[in-house]
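Before any comments, here is the structure.
We did not get these values from a lab; they are worked out from the coordinates using the rules stated. What you see is a predicted model, and the numbers here were worked out from it, not measured in a lab. Counting neighbours? That spans all protein chains shown, and the Cβs are built from the backbone with ideal geometry, glycine included.
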Amino acid sequence: MLVGVVAVLVYLADQGAKMLALSNLELNRTVPFIGELLQLHLVKNAGAAFSLGSNSTWIFAIIASLVAIGLVVFARRIRSLGWASVFGLLLGGTLGNLSDRLFREPGFGVGHVVDFFQLYGFPAIFNVADVGITSAMVLFILLTIRGVNLDGTRVARVPKSRRVDAPSDAA
C-alpha cells in the first residue's frame, strides 16, 4: 500500500511541477529561485542523465516501462516501510519521466523529459521525478548498509569473537 501512495505522490508532484515550469518559465532561460544555489532553467531533454543518448529516447521509454512493471510485480514481497518507500520513490520517479517520453513532443515513445531545477555547481538540470529516483537510491544504500531485508528483518551480525575466521587465543 505504501509503495502505491508514495509513487502517486511523487508522480503528482512531478507532473504538477512540470506543468508550472512549462507555463511560467521560458525555454533555456535561467531564473534565480534560491539565489544562485537553486535556479530554474527549463529544458526539454531527449536523453538520459546529462542528456546522454539523445538519439535513443525510445530505448529509455522501453527500459522505464520494464522497470515500472518489475517494481509493481516485486512490490508485493515488501514488508518493510523503508523498502516500500524505496520502491514508491523509484516507481513514482520512473512513471513521471516515462509519461514525458510517452506523451510529450515530439511524439509517442520519443517525447522529451521536462527538466527545470539547476543546483549551483551541479552539471545536470533535473526534475521532481529525478529527485524521487535519487532519493530512492540513497535510501537503498542506507537500508543495505544497515542490513534491513525486504521483510523488515535485519541481517544478523556475528560478533568478531564468534566468527570462524577469527584468530583464536589458544594458539
Calculated P(r) tail over 16 Å for the range 60-153, as whole % of Cα pairs | 60 percent
Mind putting a number on the dipole of the range 29-156 about its Cα centre? Charges go on the C-beta only, +1 for Lys and Arg and -1 for Asp and Glu, and I need it in Debye to the nearest 20.
-> 400 debye
Most mobile of 149, 127, 24 per a Gaussian network model of the chain (Cα springs, under 10 Å)?
-> 24
For the range 1-99 the trypsin sites (Lys or Arg not before Pro) that pass both the DSSP coil test and the at-most-13 other-Cβ-within-10 Å test are 29, 79
Using a Förster distance of 30 Å, the FRET efficiency for residue 124-residue 157 (Cβ separation, nearest 0.05) | 0.20
Extension length gain for residue 103 and residue 135 (0.36 nm per residue less Cα distance), in nm, is 9.0 nm
Long-range amide H partners of residue 114 with built H, under 5 Å | 45
³J(HN,Hα), Karplus 6.51/-1.76/1.60, whole Hz, each residue of the range 3-17, x for Gly, Pro = 4, x, 5, 5, 4, 5, 4, 5, 4, 5, 4, 5, 5, x, 5
Under 5 Å from the placed amide H of residue 33, counting only residues 5+ away or on other chains, we find 38, 39, 40
At 222 nm, what helix-only mean residue ellipticity would the chain give, in deg cm²/dmol to the nearest 500, using -39500 (n - 2.57) for each DSSP H run of four or more?
-> -17000 deg cm²/dmol
Please report, in whole Å, how far the alpha carbons of the range 2-146 spread along each principal axis, starting with the longest.
-> 45, 35, 24
Please work out how much length the chain gains when fully extended from residue 62 to residue 26, using 0.36 nm per residue of separation minus the C-alpha to C-alpha distance, in nm with one decimal.
-> 10.0 nm
